[in-house]
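To keep things clear, I will list the structure first and then write my remarks on it.
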Amino acid sequence: MKLRAEQLAANLARGLAPVYVISGDEPLQLGEAADQVRAAAKQAGYLSREILEADARFDWNRLGDEANALSLFAEQKIIDLRLPSGKPGTAGAKALVEYCENLPADTLLLLTLPRVPLTSKWIKALEKAGVLVQVWPVDERNLPRWIAGRMQAAGLRPERGVAEMLAEHTEGNLLAARQEIEKLVLLYGEGGISQEQLLEAVSDSARFDVYALVDAALAGRAARCTHILAGLKGEGVAPPVVLWALAREIRSLSGMAAAVAGGASLSRVMGQARVWKNRMPLVSQGLKRLKPADWDRLLQQCQQADAVIKGAAAGDAWLLLEQIALGMAGLPVAGQKRVNHAF
């Protein structure tokens, strides 16, 4: 069964399927959809959860092992499988098809992954076995309406022009929009919100933010990247937040770089990726500066940073985040001639 994100809640209320696939490139909606499944499963008695991160080194035999494992207390459980690349490979595709052919009792499989083509055998098998939810980005035209709806759900009554102003400020980043809405509730409580109140709240944001870091990296301003990272660390911003912003941008540019290398025009690629007009010059700079292989290496560095942040590997998370940002800015690797970057 294939559903839109807004149809998921009603579907869950009618009962649980054995398999849920949440696919999309918009992190807020993807995360919220996955949270809905987890909450419904917990309410239905699925009290045990096993998280599997299917990176390039993942052993797909673990999926079968988890499916066949018997809980000591015979609990219903969730297999929370995360596929950040969206590509399971031959072994993974086979394991997923076999799982769907022999669905284990008292087990719910939740697979989250980026947007992928729906033509592969493994994705068809998952859809047939359960529910496939496709998450689509909110486009520029519909973003103000989406923001207004979120504000109203939070108890706010935005005056005319407020939703449009917040849409422009957040530039299509739904997570940033949600955070601003939460801040408005904290600052002013429920009720009407004027443009003046919104401006005051926005200007009160931390001086150094993750979006400025991403923009500085795309602009090739290595020294500013270092300066902003120091500010973020000093402000007490959690490393996962910084990594999320960097990885999200790198993943997007990796796909765009591959498309351009394949012969597509830069303007068309950015249009298909829904890059906002005022960010196109920055994105263009980044795509022209680095090759597809460079973006892939940066994604691998993001995976390494994620492991360090989660305590699965040794290292300095902030140092790794700095290396990622400087890599985006085009800082030469050891042995190459170093160039000066504007602050």
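The values are calculated or read from the model by the stated rules, or taken from the named source; none is laboratory data. The shown structure was predicted, so the numbers you read here are calculated from the model rather than taken from an experiment. Every residue, glycine as well, gets a Cβ built from its backbone with ideal geometry; the counts of neighbours run over all protein chains shown. Remember, those area values only see protein heavy atoms, side chains included, never the ligands or the DNA or RNA. Shrake-Rupley method; radii C 1.70, N 1.55, O 1.52, S 1.80 Å.
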Original post:
Among the residues of the range 255-265, is there at least one that is open to solvent by 40 Å² or more (accessible area, probe 1.4 Å), touching a Leu at 6+ places or on another chain (Cβ under 6 Å) and at pLDDT 85 or above?
Top reply: yes
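For A257, state whether it is outside any helix (DSSP H, G or I), among the aliphatic types (A, V, I, L, M) and either out of contact with any Pro (no Cβ under 7 Å at 6 or more places or on another chain) or touching a residue at least 24 places away in the same chain (Cβ under 8 Å) (or both). Can you show your working first?
Numbers: outside any helix (DSSP H, G or I): no; among the aliphatic types (A, V, I, L, M): yes; either out of contact with any Pro (no Cβ under 7 Å at 6 or more places or on another chain) or touching a residue at least 24 places away in the same chain (Cβ under 8 Å) (or both): yes.
It is false that A257 is outside any helix (DSSP H, G or I), among the aliphatic types (A, V, I, L, M) and either out of contact with any Pro (no Cβ under 7 Å at 6 or more places or on another chain) or touching a residue at least 24 places away in the same chain (Cβ under 8 Å) (or both).
Looking at the range 141-179 only, could you name the residues that are among the aliphatic types (A, V, I, L, M), part of a helix (DSSP H, G or I), open to solvent by less than 30 Å² (accessible area, probe 1.4 Å) and over 19 Å from Q36 (Cα atoms)? So that I can check it myself, show each step before the final result.
Initial filter on the range 141-179 (among the aliphatic types (A, V, I, L, M)): 143, 147-148, 151, 153-154, 156, 162-163, 165-167, 174-177.
This time we only want the ones that are part of a helix (DSSP H, G or I), so: 143, 147-148, 151, 153, 162-163, 165-167, 174-177.
Pick out the ones that are also open to solvent by less than 30 Å² (accessible area, probe 1.4 Å) and you get 143, 147-148, 151, 162-163, 166-167, 174, 176-177.
Listed by number, the residues that qualify are L143, I147, A148, M151, V162, A163, L166, A167, A176, A177.
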Subject >> Test: L118 is touching a strand residue (DSSP E or B) at 6+ places or on another chain (Cβ under 8 Å) and assigned to a strand (DSSP E or B) >> reply: no
Original post:
Hey, among the residues in the range 31-81 that are out of contact with any Asp or Glu (no Cβ under 7 Å at 6 or more places or on another chain), acidic (D, E) and over 28 Å from Q301 (Cβ atoms), which one's modelled with the lowest pLDDT?
Top reply: E75
**OP:** Could you tell me which residue of the range 315-341 is nearest to R221 (Cα to Cα), considering only residues that are modelled with pLDDT under 85 and either among the basic types (K, R) or open to solvent by 70 Å² or more (accessible area, probe 1.4 Å) (or both)?
**Re:** N340
Original post:
Out of all the residues in the range 289-308, is one or more farther than 25 Å from R115 by Cα, within 20 Å of the chain's Cα centre (by Cα) and part of a helix (DSSP H, G or I)?
Top reply: yes
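Considering only residues that are among the aromatic types (F, W, Y) and part of a loop (DSSP other than H, G, I, E, B), look in the range 22-65 and name the one that is nearest to L110 (Cα to Cα). Working first, answer last.
So in the range 22-65, the residues among the aromatic types (F, W, Y) come out as 46, 58, 60.
With the extra rule that they be part of a loop (DSSP other than H, G, I, E, B), the set shrinks to 58, 60.
Numbers: F58: 17, W60: 15 Å.
That would be W60.
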Original post:
Which one of these does Q300 not meet: (1) touching a helix residue (DSSP H, G or I) at 6+ places or on another chain (Cβ under 8 Å); (2) surrounded by fewer than 18 Cβ atoms within 10 Å (Cβ to Cβ); (3) of a type outside the set (D, E, K, R); (4) modelled with pLDDT of 90 or more?
Top reply: (1)
**OP:** Give the residue that is modelled with the highest pLDDT, with candidates limited to residues of the range 230-246 that are open to solvent by 10 Å² or more (accessible area, probe 1.4 Å), within 19 Å of L299 (Cβ to Cβ) and aliphatic (A, V, I, L, M).
**Re:** L243
Subject >> Pick from the range 180-222, criterion at pLDDT 90 or above, assigned to a helix (DSSP H, G or I) and over 23 Å from the mean Cα position of the chain (by Cα), ranking: farthest from A245 (Cα to Cα) >> reply: Y188
Subject >> Residue among V133, V138 that is more than 16 Å from L63 (Cα to Cα) and part of a loop (DSSP other than H, G, I, E, B) >> reply: V138
Original post:
Would you call D55 charged (D, E, K, R) and either crowded, with 19+ Cβ neighbours inside 10 Å or under 25 Å from R248 (Cβ atoms) (or both)?
Top reply: yes
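Restricting attention to the range 90-122, report how many residues are of a type in the set (G, A, S), exposed (fewer than 14 other Cβ atoms within 10 Å of the Cβ) and in contact (Cβ under 8 Å) with a residue 24 or more places away in the chain. Talk me through it step by step, then tell me what you get.
The first filter runs over the range 90-122 and keeps only residues of a type in the set (G, A, S), leaving 91-93, 95, 105, 120.
Checking which are exposed (fewer than 14 other Cβ atoms within 10 Å of the Cβ) leaves us with 91, 105.
Cutting the leftovers down to in contact (Cβ under 8 Å) with a residue 24 or more places away in the chain gives us 91.
Of the residues in that region, 1 qualify.
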